[in-house]
Amino acid sequence: MKTPQLPLDAPYSQTQRAWLNGFFAGLHTHLVQSAGSVNQTNARVINILYGSQTGSAESVANDAAAVAKTHGLKPVVKGMDEVEVSALSAMDYLLVITSTYGEGEMPDNAQLLWDAISADTAPTLSNVKFSVLALGDTSYDLFCQAGIDWDNRLAELGATRLFDRVDCDTAFEEPAETWIKEVIPHMAEGAAGTVIVETGAPAEKSQYNRKNPFPAKLQVNRLLTAPSSSKETRHYEISIAGSGLSYEAGDALCVVPTNCPQLVDDIIKALACNGDEEEPVNSELISLREALRTHFEIKLPSKELLEEIATRSGDQELNGLLNAGDKEKLSDYLWGRDILDLLLQFPACEFAAAEFIALLKPLQHRAYSISSSGKMHPDTVHLTVASVRYDSHGRQHKGVCSTFLADLVNADTEVRSFFTPNKVFRVPEDNSLPMIMVGPGTGIAPFRAFLQERQFRKAAGKNWLFFGDRNAATDYIYREEIEAMQASGLLSRLDLAFSRDQDAKIYVQDRMLENGAELFAWLEQGGYFFVCGDAYRMAKDVDKALHEVIATHGKLSEQQAIDYVNQLKKDKRYVRDVY
């Protein structure tokens, strides 16, 4: 059943069109849900709220909902950006599932609700019974901080913790599954509801996922930047033919790499091992060499390994940094260093093979924004990846996955892959609405996909791209494609910012400010504003410029501009894919 849409030539204003299409969408959802299940009126409602940057928390939330139904509960799953803080006090049973973004920050879709519940005006939640599942990464100092903050704040507001918070590292599937199986019976205890019987066909899940990646093949590996560029950016095309997998523009492809053989050999040498030592890994005896190549992270040191090296070496500087808890100074110390650098720096620290691998983290996939439309390219996935290579501490360093793709993969190599959907970072459903895309460098990846999607749909909406890099002559990737899109009219506006082509550096946010009047006009026409790329500098500068554009050209106060941007976020018209 397709969601009905008003015809583009219907005689309604933009506001009326948006309201009516929203009404149709809501009616459509209600009809689909009514057709797909039998809802018992006496079933206990549990609310499942997720804060998600890349889709993992949303996926876990849906898994929790499926289990809840088998216990006679009626789950309501919502993103945190779909809920007003005033609604929380009416939620008798609440599960919060949230990832942590960056250094202890809330995911984009959770920030507004978190700001509201953190305020002094937040409602009392004395009738709420809750539990929190936190997703994080122990390589960051503020591990699972977003989940910790939610857990503490709900308790501060009087809510009752029905089940203790569970904190998950990057391999979150098993602890998340255990939490779901343990917390749902607590939510169902004493409920008078009956099992909700699904009568619709269950959604089919692919056999390929994080636990079972698809063994894809690389078909194209093409250098995009000029040989004289200070960067190395490559275009990849990976075949998924015969997999049954599909993807949408805006999704990510997760690639499971193997480690550089030379780095593996160098670490084995630094450990004074021969590499043939057999060690148990996942209940199987394998050689140390194979374990380091395919099972463990051997670039960034885990906290446990770092602390053990500090203890064994007795190094005053390293121990002082760890004991002082100064994260910024410790980060500066580790900048450019990897595990091999530390082993070479402290040769007196001797590790047996077994104790060394016990201090390592499991090798993780790397997620890349897809740069193709699944409708235009159903059998292949395109990626735009900058190869990480740099010299530090007297040796060359390489990015794990970027140089796996660039250097190690050939026609016979399996590129183990799976998709991560991003249901928010999507081309507007209404083909008539304008789209503004800010994606310097490899941030252009999803917008190449978006433009292909608009072309496939024959969408009438205007498209505006802000793109840039260091030098036009060497770093203008996809130039021929972009100029062809411009010539065909698919790309309505293009603003370029090559920072090093003139004395004063120019960035995409500068181009936004220069064209602020038109940018604001596009927003007023219902335009969507998308950002992809570096989270720590570019995305923050772009956000600041967006507020300035809205305040200046909307003739709004600073607070009114903030409110305007927050409304864009609530409407999912300001969406970011940043890293």
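The values are calculated or read from the model by the stated rules, or taken from the named source; none is laboratory data. Keep in mind it's a predicted model, so treat the numbers as computed, not measured. FYI the Cβ positions are ideal-geometry reconstructions off the backbone, even for glycines, and counts take in every protein chain you see. Protein only, heavy atoms only, side chains kept; ligands, DNA and RNA dropped before computing areas. Shrake-Rupley method; radii C 1.70, N 1.55, O 1.52, S 1.80 Å.
Work out from phi, with θ = phi - 60° and the Karplus expression 6.51 cos²θ - 1.76 cosθ + 1.60, the ³J(HN,Hα) of each residue of region 152-163, listed in order in whole Hz, and give x for Gly and Pro.
In residue order, the calculated couplings are 5, 5, 4, 5, 4, 8, x, 6, 9, 6, 7, 8 Hz.
List the trypsin sites (Lys or Arg not before Pro) in region 385-449 that DSSP assigns to loop (not H, G, I, E or B) and whose Cβ has at most 14 other Cβ atoms within 10 Å. Which are they? Mind dumping the intermediate values first?
On the way: sites: R389, R395, K398, R416, K423, R426, R448; in loops: K423, R426.
Here the sparse-neighbourhood loop sites are K423.
Find out how many positive minus negative residues lie around E237, taking Lys and Arg as positive, Asp and Glu as negative, among other residues whose Cβ is under 13 Å from that of E237. It would help to have the intermediate numbers written out before the result.
Working: positive: K217, R222, R234, R448; negative: D379.
Net of charged neighbours comes to +3.
Just the number, please: Stokes-Einstein D of the chain in µm²/s, Kirkwood Rh from C-alpha pairs, 10 °C, 1.306 mPa s. Intermediate values should be presented prior to the final figure.
Working: Rh = 26.2 Å.
Reported coefficient: 61 µm²/s.
Sort out the exposed loop GluC sites (Glu not before Pro) in the chain (DSSP loop, at most 13 other Cβ within 10 Å) and tell me the longest stretch that has none. Intermediate results must be reported in sequence, preceding the final value.
Details: sites that count: E84, E103, E189, E204, E350, E429.
Here the longest run is 430-579.
Express the carbon and sulfur contribution to the solvent-accessible surface of region 313-390 as a percent, rounded to the nearest whole number, probe 1.4 angstrom. Don't skip to the end; give the middle numbers.
Numbers: 2030 of 3770 Å².
Result for region 313-390: 54 percent of the exposed heavy-atom area is carbon or sulfur.
Please give the calculated 222 nm ellipticity per residue for the chain, where each DSSP H segment of at least 4 residues contributes -39500 (n - 2.57) and the sum is spread over every residue; nearest 500 deg cm²/dmol? Please report the intermediate quantities before stating the final value.
On the way: 20 runs with 207 residues, N = 579.
Taking each H run of at least 4 residues, the total per residue is -10500 deg cm²/dmol.
Given a cut-off of under 8 Å on Cα pairs at least six residues apart, what relative contact order in percent is computed for the chain? Kindly include the intermediate steps, with their values, before the conclusion.
Working: 1058 pairs, mean separation 72.9, N = 579.
That works out to 13 percent.
For the chain, with every protein chain kept in place, what is the accessible area per residue (1.4 Å probe, Å²)? Walk me through the numbers before you get to the answer.
Details: 27350 Å² over 579 residues.
Value returned for the chain: 47 Å² of accessible area per residue.
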